[in-house]
Every structure is written in C-alpha cells, then in structure tokens.
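All remarks here apply to the structure that follows.
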Amino acid sequence: MNENAPLICVMGVSASGKSTVGIALAERLGVPFTDADSLHSDANRAKMNAGTALTDDDRWPWLDAVGERFGAASGTGLVMACSALRRVYRDRIRASAPGVVFVHLTGSPELLASRAGARTDHFMPASLLDSQIATLEALGDDEAGIDVTVDRAPDVLVDEIVARLRSASSR
C-alpha cells in the first residue's frame with residue numbers, strides 16, 4: 001500500500017458495512033471516499049431495485065468505471081466501497097489500477113441477513129444477499145488484500161485495517 005496515496009477497495013456482500021467502514025477509513029487516511037454504487041447505470045439500479053441480480057454483461061461497464069476512478073486517483077489516493085465479489089471482477093478493476101488493495105469485510109450469513117433486513121434506505125433488496133453470498137470468491141493468496149470480520153464497531157475495524165495494511169506494506 002502506498003501510504004501517501006493508498007488505493008483501497010473495501011469489498012464484500014451487501015450489508016457487510018462497506019460504506020460505513022470505507023468512509024471511516026478514508027477519513028482516517030485523509031483521502032477521498034467513493035461508493036461504487038454511485039457509478040452504476042440507471043438500468044443496473046432498476047434491475048437491483050426489482051430484485052433481479054445483475055449479469056456479468058451488466059457489470060463490465062460498471063467495473064471499468066470503478067477501475068478508471070481508482071486509476072484517476074493514483075496521485076491522491078482513494079477508498080472505494082465496491083462489492084468486487086469475484087476474482088474476475090477484481091482483475092477487471094486492477095486492469096486500470098494495478099495498485100488497488102482489497103479489504104474484504106466478512107461476516108456470518110446470519111449477521112449479514114440481520115443487517116440487510118434492517119435497512120430501509122438502500123436500493124439493494126435483502127433478497128439478493130443469498131445470491132451475493134453464493135457468488136462471492138475469497139481473495140486469492142496472490143491478491144493484495146486482507147480479510148476483516150465485521151462483528152465489531154466500525155472504529156475498531158478501521159484500527160485493525162490500518163494496522164494490518166501498514167504491516168503488510170512494510171514487508
């Protein structure tokens with residue numbers, strides 16, 4: 001991780017806390033935050049709102065936009081919340097921004113379902129959580145990133161993330 005201009009993708013399934021943790025992490029690191037959901041097309045949002053899972057063909061332009069946003073931030077740094085559920089999706093992001101480090105927020109299906117069910121202001125319905133869990137591919141050993149369990153307060157998670165990323169970058 002370039003500590004002067006870190007490029008960090010906070011990834012995971014819906015309701016894992018990507019935006020909450022991402023915002024707090026960006027504030028701690030003094031870099032901008034973007035929610036990749038804001039880069040979705042209106043058509044993608046409408047599909048998800050209707051409870052229809054996106055296809056890879058729906059996702060490619062969105063993932064390209066995510067990668068381009070990271071690439072454009074290589075001098076300033078950026079934390080972005082993005083599901084990045086499959087290896088091929090993360091590869092697509094890295095094609096535009098090879099220095100991106102992934103922070104995978106994980107939690108039990110029960111915890112995630114409870115969080116998703118409690119949401120009232122999100123376009124992604126809780127009914128799509130199972131399809132996201134089924135799609136999720138863990139970070140590979142050769143991917144720059146860490147896994148963090150989300151069963152603690154966001155500030156505690158951010159402390160852990162910062163410490164682990166700094167430790168990993170000093171090796």
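The values are calculated or read from the model by the stated rules, or taken from the named source; none is laboratory data. This structure is a prediction, so every number in the text was calculated from the model and none was measured. Positions of Cβ are generated from backbone atoms using ideal geometry, with glycine treated the same way; all protein chains shown enter the neighbour counts. Accessible surface areas use protein heavy atoms only, side chains included; no ligands, DNA or RNA. Shrake-Rupley method; radii C 1.70, N 1.55, O 1.52, S 1.80 Å.
The calculated pair-distance distribution of region 38-92 uses every alpha carbon pair, bins of 10 angstrom beginning at 0, and gives 22, 53, 22, 3 percent.
Using a probe of 1.4 Å, the accessible surface attributed to Asp58 totals some 40 Å² when neighbouring protein chains are kept in position.
In the chain, taking the dipole from charged Cβ atoms about the Cα centre, the farthest positive-side position among Val88, Val162, Gln132 is held by Val162.
Per the Kirkwood definition applied to all pairs of different Cα atoms, how many angstroms is the hydrodynamic radius of region 18-111?
Every distinct Cα pair counted, the radius reaches 14.1 Å.
Per atom type, region 128-171 shows carbon and sulfur on 48% of its accessible surface, probed at 1.4 Å.
Here the chain is assigned +1 on the Cβ of each Lys and Arg and -1 on the Cβ of each Asp and Glu. Its dipole about the Cα centre then comes out at about 140 debye.
Applying the criteria of a DSSP loop state and at most 14 other Cβ atoms within 10 Å to the GluC sites (Glu not before Pro) of region 3-91 yields Glu3.
Placing one identical point scatterer on every Cα of the chain and ignoring solvent, what is log10 I(q)/I(0) from the Debye formula at q = 0.14, 0.20 Å⁻¹? Debye output, listed in q order: -0.68, -1.47.
With Rh defined as the Kirkwood radius, the inverse of the mean 1/r over Cα pairs, the Rg/Rh of region 4-46 is 1.02. Tell me the angle of helix 18-29 to the major Cα principal axis of the chain, expressed in degrees between 0 and 90 and rounded to the nearest ten. With rounding to tens, the tilt is 20 degrees.
Computed with a 1.4 Å probe over protein heavy atoms only, the accessible surface of the chain comes to 47 Å² per residue. Counting Lys and Arg as +1 and Asp and Glu as -1 over every other residue whose Cβ lies under 11 Å from the Cβ of Val103, the net charge comes to 0.
In terms of packing, defined here as the mean over residues of other Cβ atoms within 10 angstrom, the peptides 15-25, 85-95 line up highest first as 15-25, 85-95.
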